[in-house]
Amino acid sequence: MITVPDTTSLLGYAGQLFADLWVWLAIIIGLPLGFFVLQLMIDLFKQEFEEYKKRKK
């Protein structure tokens, strides 16, 4: 027979596991995405700077 305290402690462990996994998933997805966006911004600034140099001539 499964008692209520056993069930609640099991659900507590499962909830803590998913809370910990959320942090790792955010890091695994967010870090590469951040670098990708940073690279896009750098490329955009390089492109704008090249166009600025051409207009200045």
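Here are the numbers for the structure shown:
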{"quantity": "Distribution of pairwise C-alpha distances over the chain, 10 Å bins, in %", "calculated": "19, 20, 17, 15, 12, 8, 6, 3, 0"}
{"quantity": "Within the chain, helix-based [θ] at 222 nm, where runs of 4 or more DSSP H residues each add -39,500 (n - 2.57), nearest 500", "calculated": "-35000 deg cm²/dmol"}
{"quantity": "Nearest 10 degrees, 0 to 90: helix 4-56 Cα axis against the chain principal axis", "calculated": "0 degrees"}
{"quantity": "Residue exposure sequence - VAL37, VAL4 - by fewest surrounding Cβ within 10 Å", "calculated": "VAL4, VAL37"}
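Read-outs throughout are calculated quantities, based only on the coordinates presented, and are distinct from any laboratory measurement. Note that the coordinates shown come from a computational prediction; the quantities given were computed from them, not determined experimentally. Quick reminder, even Gly has a Cβ in these numbers, built from the backbone with ideal geometry, and neighbours come from all protein chains shown.
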